[in-house]
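Encoded as structure tokens, the structure appears first; notes follow it.
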């Protein structure tokens with residue numbers, strides 16, 4: 001019975017037995033490990049090719065599975081060599097197959113023979129494949145061998161060595177201490193974050209001072225930006241000065257201009273002269289004409305007021321109204 005359940009007997013001691021399998025005297029692999037003391041493990045093995053049984057001379061197809069006795073019999077460098085001993089299902093004979101790590105294949109050792117199924121291209125309408133490197137190529141040319149070795153050395157120094165150095169530098173870059181790399185990245189990030197925070201505080205102060213919207217993004221301070229802003233400010237200042245001068249000129253022309261009637265009277269009374277004395281006389285005439293107009297308007301208003309008073313007396317006397 002294998003200890004797969006959760007029941008632990010009363011006399012079970014973890015320090016003494018270690019596991020339920022050792023307590024029951026069973027192996028973890030069960031019946032498959034009945035020959036584990038001999039180094040044999042029962043595994044499921046599938047035939048890698050077609051064979052002929054050596055005992056009953058029957059054909060056994062590729063893919064037939066057996067409960068084989070797996071055992072390590074050697075090693076090829078660091079790769080172990082395993083043998084699989086199987087019992088024929090058609091008779092009582094045994095056959096053994098081993099792994100061949102050197103040639104990456106399986107080899108029938110005893111009890112059977114492998115069916116020869118090598119493909120020949122000549123028998124199947126193809127062309128034979130010949131090894132051009134081997135064979136009787138005649139005596140070797142020492143100059144050709146020297147040239148070949150020189151080319152190999154040049155290729156090694158100019159292509160292979162730089163490639164290996166670049167791969168090594170990349171490996172050192174990515175496999176170096178991650179803590180130091182992370183420390184550098186975090187240090188740079190903190191410095192950039194500090195600068196951004198100071199810039200944000202300055203921008204918020206400017207926005208609050210001039211009542212700008214919070215979503216407005218201010219331009220970064222730069223020499224080009226400063227020069228451009230200075231040029232724009234000077235251009236605006238010049239335009240403002242020009243507008244002021246034009247406005248003053250228009251106002252001065254408006255104050256010195258005269259109505260059409262006064263100018264016609266003056267033009268009729270006196271000829272136009274371009275001398276300074278004539279200009280001063282013209283200004284005096286303008287002043288006198290303005291005074292005359294003011295007096296005329298005052299007299300007219302007084303006449304109108306007296307006429308209104310007389311009309312009111314006539315109306316009162318007509319209707320018999322007494323004050």
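Every number here is computed from the coordinates shown, using simple stated rules; none is lab data. What you see is a predicted model, and the numbers here were worked out from it, not measured in a lab. All Cβ positions, glycine included, derive from the backbone under ideal geometry; neighbour counts span all protein chains shown.
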Förster-model FRET efficiency, 51 Å R0, residue 79 and residue 16, C-beta, rounded to 0.05: 0.80
What's the FRET efficiency of residue 37 with residue 118 using the Cβ-Cβ distance as r and R₀ = 45 Å, to the nearest 0.05? 0.65
Tensor-based shape of the range 1-120 (alpha-carbon gyration tensor, a/c under 1.5 rounded, otherwise prolate or oblate): prolate
Extension gain (nm, one decimal) between residue 210 and residue 144, 0.36 nm per residue minus Cα-Cα: 15.1 nm
Residues 84, 49 arranged by fewest to most Cβ contacts within 10 Å: 49, 84
Tell me, in nm to one decimal, what length is gained between residue 229 and residue 154 on full extension, where the rule is 0.36 nm per residue of separation less the Cα-Cα distance? 20.8 nm
A chain fully extended from residue 219 to residue 175 at 0.36 nm per residue, minus the present Cα-Cα distance, gains in nm 11.7 nm
